[in-house]
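The next block holds one structure in the form of structure tokens; read it before the comments.
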Amino acid sequence: MDIWDSREFDDHEQVCVFTDEEVGLRCIVAIHSTKLGPACGGTRFKPYHTDLHALEDALRLSRAMSYKSALAGLPVGGGKSVIIGDPGAIKSRELLHSYGRFINRIGQTFATGEDVGMSVADVETIAEVSPYMAGISANSGDPSIPTAIGVIHGLRAVAKWKFGQDGFRNMRVAVQGLGAVGWGVAKQLHAEGAELTVADVREDVVAAAVTEFGAKAVSPSDIHRMDVDLYVPCALGGVVTERSALEICAKAVAGAANNQLASSRAGEILAERGILFGPDYVLNAGGIISGMPALNTIPGHEKAKVLPLDQSLAAIYDRLLQIFGRAEAAGKTPEAAAEEMAREIIGHKA
Ligand code: NAI
């Protein structure tokens, strides 16, 4: 495995590989940047095809954390950890404790918490041996509420830039996924006069949206094809593929789901078709923004002071307008403009 030649390597400051054969632990921690402050990013626990795939995931996700925090104006850097294996088969109290002791050895440059394959209870178990755990019930609340508020600020910027409209009155919006974030987003859109079309694999939440918001229900496989003004992905990542980008009828795509663009080419297709894309890690930064007070309780992260929560969330509106302006002026996609802006803030070379 050659780290420096990996296509995802981006002058990462530190990459650590940990093994504890006795408990079956194999993990990789990647710290992309601590230029703005100690690194922060979740722990992902999943099987990977190869160790190289695990490494690439850690490298890519830690870089994305740097970008997300930088564009949210937070004094934290980007890191990410992956534990390799099927959590259902190998996760144990002993493994989680061993992992926590490894995180302690990295010291004050990295704080971590939940991600795919990890629950709040798992993070609390690790916290029994490690002070570097964020997102435990003792020190933070439900991030989905501020995430939904941040997404709404971002959608306001999209409405302003694309349609010259303040708010969502009479706007036709397709919301994909009515979970913790998507439901909050749909509720606010409805309150501000949007006409909703919704899809979810759960029939109960779809039925509730039809009753409470007067929403039109469509199949999950058709939601991206709806003839609407805004398509708001709030379920899975990778929903904008090179194929679906050609099928999308909305005039703008922006929402909560992480990594909506399956490839940068998919983003280019949207741009070529005149469809505005709001980079997801700018819109969905509310979770990490709201986690800052909890992060302040972690050793090494005490100085991470930020604006009050409502101001930080509202700043997503201005940041997104800056990104759209820059993209238009430079003839780039919003995704490329956001990345460029984040790298300037971090001081990372292009
Ligand atoms: P959730 O698990 O509460 O909700 C996801 C919803 O999508 C569920 O209702 C699920 O039934 C539905 N869904 C799953 N597959 C679907 C499909 N094929 N078509 C339509 N609906 C489908 O998750 P949550 O917390 O609402 O997060 C949504 C997205 O936002 C995820 O991509 C997550 O990574 C991202 N995000 C969430 C944050 C948070 O604070 N919860 C923070 C940043 C990003």
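Neighbour counts of C-beta atoms inside 10 Å place Val239, Val158 in the sequence Val239, Val158, starting with the fewest.
For region 1-156, the relative contact order is 23 percent, taking Cα pairs closer than 8 Å that sit 6 or more residues apart in sequence and dividing their mean separation by the residue count. Relative contact order of the chain: 16 percent, from C-alpha pairs under 8 Å at least 6 residues apart in sequence. If you find the alpha carbon centre of region 177-197 and of region 1-47, how far apart are they in angstrom? Between the Cα centres of region 177-197 and region 1-47 lies a distance of 36 Å.
With K and R counted +1 and D and E -1, the other residues having a Cβ less than 12 Å from that of Glu272 yield a net charge of 0.
In this calculation the C-beta distance from Arg225 to Ile345 is compared with R0 = 41 Å, giving a FRET efficiency of 0.65. Can you tell which of Ser81, Ile31, Gln108 lies farthest toward the positive end of the dipole of region 24-121, using +1 and -1 charges on the Cβ of basic and acidic side chains (Lys, Arg; Asp, Glu)? Result: Gln108. For the residues Gln176, Gln260, Gln188, a GNM of the chain with alpha-carbon springs under 10 Å puts the largest fluctuation on Gln188.
When each of Val120, Val306 is scored by the number of other beta-carbon atoms lying within 10 Å, the sequence from fewest to most is Val120, Val306.
Per-residue extension of 0.36 nm, minus the Cα-Cα distance of Leu52 and Ser92, leaves a gain of 12.0 nm for this segment.
Modelled spin labels at Ala217 and Glu21, positioned 7 Å past Cα toward Cβ, are 5.5 nm from each other. Taking every Cα-Cα distance in region 200-350 and sorting them into 10 Å bins from zero, the calculated P(r) comes out as 10, 32, 32, 19, 6, 0 percent.
Taking 28 Å as the limit for the C-alpha separation, the pairs Lys80/Lys251; Lys160/Lys332; Lys160/Lys187 exceed it in the case of Lys80/Lys251. Between Glu192 and Glu272, the modelled label-to-label distance comes to 3.2 nm, taking each label 7 Å out from Cα in the direction of the beta carbon. The sum of -39500 (n - 2.57) across all DSSP H runs of n ≥ 4, divided by the residue count of the chain, sets its helix-only mean residue ellipticity at 222 nm to -13000 deg cm²/dmol.
Taking other Cβ atoms within 10 Å as a rough exposure proxy, Trp4, Trp183 sort from fewest to most as Trp4, Trp183.
Here's the picture: a label point sits 7 Å out from the Cα of Arg7 along the beta-carbon direction, and within region 62-82 the residues with their amide nitrogen under 18 Å of it are 62-64.
Rule-based calculations on the coordinates, nothing more; no lab input. As the structure is a computational prediction, the values presented were derived from the model and not from experiment. Cβ coordinates were reconstructed from backbone atoms using ideal geometry, including for glycine residues, and neighbour counts include every protein chain displayed.
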